[in-house]
Amino acid sequence: MIVRLAQERDFPGFLALAAEVEHWFGPMVGEPGFHDAVNEHIRRSTALVAESAESGLVGGLLFGAKAPVFHVHWLVVAEGGRGTGVGRALMDEASRRFVRGPGTIEVITFGADHPGAVTSGARVFYEALGFTPAEAAEPGPEGGSRQVYRRPVT
């Protein structure tokens with residue numbers, strides 16, 4: 001697996017990843033706002049992809065690289081790649097490329113009562129990377145609870 005900056009040719013792969021998680025996040029594949037966000041991150045060189053020779057695109061990340069508060073705007077790993085280090089590799093590369101401390105990295109993920117909180121593994125994933133749960137965030141577009149997670153950067 002390699003992690004690299006996303007390119008325009010990766011756009012269909014982002015849509016394929018989005019299709020796998022719309023049941024947790026709400027509509028994305030047909031949403032112009034999501035398309036615009038992906039394309040803008042690609043243009044700004046703040047979008048990363050993980051690809052494998054066997055499976056193609058297995059993960060994608062859209063990152064907000066503005067100090068001192070950096071944001072994971074979107075991170076998705078294909079179902080078959082979850083638990084294999086793809087998400088960690090994307091986060092490691094984003095930190096290496098974009099993060100300069102001091103500051104914090106923030107992500108909004110599922111609230112503890114959201115059906116995707118356990119199934120997706122997102123909360124456990126972020127905690128394993130050193131993030132800690134913080135305040136509640138606005139509900140997601142599908143109405144599910146959300147929570148901010150933070151990790152300090154020195």
>> Every residue in region 40-65 that is surrounded by 15 or more Cβ atoms within 10 Å (Cβ to Cβ), polar (S, T, N, Q) and modelled with pLDDT of 95 or more, please.
In response: Thr46
>> Name the residue that is surrounded by the fewest Cβ atoms within 10 Å (Cβ to Cβ), counting only residues in region 108-148 that are aromatic (Phe, Trp, Tyr) and more than 22 Å from Pro27 (Cβ to Cβ).
In response: Phe125
> Which one of these is over 14 Å from the mean Cα position of the chain (by Cα), under 16 Å from Ala6 (Cβ atoms) and not hydroxyl-bearing (Ser, Thr, Tyr): Glu138, Glu127, Glu93, Glu51?
Replying inline: Glu51
> Here are some conditions: (1) part of a helix (DSSP H, G or I); (2) under 11 Å from the mean Cα position of the chain (by Cα). Gly80 meets all but one. Which one does it not meet?
Replying inline: (2)
>> Would you confirm whether or not region 13-36 contains a residue that is over 19 Å from Pro141 (Cβ atoms), out of contact with any strand residue (DSSP E or B) (no Cβ under 6 Å at 6 or more places or on another chain), among the acidic types (Asp, Glu) and open to solvent by 20 Å² or more (accessible area, probe 1.4 Å)?
In response: no
>> Test of understanding: among Val107, Val118, which residue is β-branched (Val, Ile, Thr), part of a strand (DSSP E or B) and either without any contact (Cβ under 8 Å) to a residue 60 or more places away in the chain or over 21 Å from Asp92 (Cβ atoms) (or both)?
In response: Val107
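The values are calculated or read from the model by the stated rules, or taken from the named source; none is laboratory data. As the structure is a computational prediction, the values presented were derived from the model and not from experiment. All Cβ positions, even for glycine, are placed from backbone atoms using ideal geometry, and neighbour counts span all protein chains on display. Ligands, DNA and RNA are stripped out before the accessible areas are found, and what is left, the full protein with its side chains, is counted by its heavy atoms. Shrake-Rupley method; radii C 1.70, N 1.55, O 1.52, S 1.80 Å.
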